[in-house]
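Nothing in this text is a laboratory measurement; each read-out follows from the coordinates by a stated rule. Please read these numbers as outputs of a predicted model, since none were measured by experiment. Here the Cβ is made from the backbone with ideal geometry for all residues, glycine too, and neighbour counts use every protein chain on show.
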Amino acid sequence: MRFLWAALIGLVVGAIAKLLISGTGPSGCIPTALLGIAGGVFAAVIGQALGWYLPGEPAGFISSVIGAAVLLWLYKIFKKA
């Protein structure tokens with residue numbers, strides 16, 4: 001059940017990140033959900049390194065959106081190169 005919840009939240013987070021970062025990017029439900037999940041993991045790792053989160057603590061919703069937006073932005077930069 002935890003994986004289903006992560007996929008649903010990831011889908012919402014990824015969709016919001018796609019709305020924030022305009023242009024083309026990976027499309028579809030599965031890539032969007034994976035983007036959101038990766039954004040949450042990215043935000044949690046960065047937050048733990050900065051001392052914002054305890055080890056094993058997940059990132060919050062807003063930081064997950066920011067993490068997904070950063071990953072999408074990096075994807076677009078490297079795709080152009």
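Within the stretch 31-42, identify whether any single residue is of a type in the set (A, V, I, L, M) and over 14 Å from Gly14 (Cβ atoms), and answer yes or no.
The first filter runs over the stretch 31-42 and keeps only residues of a type in the set (A, V, I, L, M), leaving 33-35, 37-38, 41.
Keeping just the survivors that are over 14 Å from Gly14 (Cβ atoms) gives none.
Among the residues of the stretch 31-42, not one is of a type in the set (A, V, I, L, M) and over 14 Å from Gly14 (Cβ atoms), which makes the answer no.
When the stretch 13-22 is filtered for residues that are in a helix (DSSP H, G or I) and farther than 13 Å from Ser63 by Cα, the ones remaining, listed by number, are Ala15, Lys18, Leu19, Leu20. Would you check if Leu74 is free of Cβ contacts under 8 Å to residues at least 12 places away in the same chain, exposed (fewer than 11 other Cβ atoms within 10 Å of the Cβ) and either touching a Leu at 6+ places or on another chain (Cβ under 6 Å) or not hydroxyl-bearing (Ser, Thr, Tyr) (or both)? No. Of everything listed in (1) touching a Lys or Arg at 6+ places or on another chain (Cβ under 8 Å); (2) free of Cβ contacts under 8 Å to residues at least 24 places away in the same chain; (3) not aliphatic (A, V, I, L, M), the single unmet condition for Gly23 is (2). Of the residues making up the stretch 24-39, those that are surrounded by 15 or more Cβ atoms within 10 Å (Cβ to Cβ) and part of a helix (DSSP H, G or I) are Thr32, Ala33, Leu34, Leu35, Gly36, Ile37, Ala38, Gly39. Pairs please, first residue from the stretch 43-59 and in contact (Cβ under 8 Å) with a residue 12 or more places away in the chain, second anywhere and surrounded by 13 or more Cβ atoms within 10 Å (Cβ to Cβ) and not in a helix (DSSP H, G or I), Cβ atoms under 7 Å, 6+ apart in sequence or on different chains. So the pair list comes out as Ala43/Ala59; Ala44/Tyr53; Ala44/Pro58; Ala44/Ala59; Gly47/Tyr53; Gly47/Ala59; Ala59/Tyr53. Residues that are closer than 15 Å to Ala6 by Cβ and surrounded by 11 or more Cβ atoms within 10 Å (Cβ to Cβ) within the stretch 40-61 comprise Gly40, Val41, Phe42, Ala43, Ala44, Glu57, Pro58, Ala59, Gly60, Phe61, listed in sequence order.
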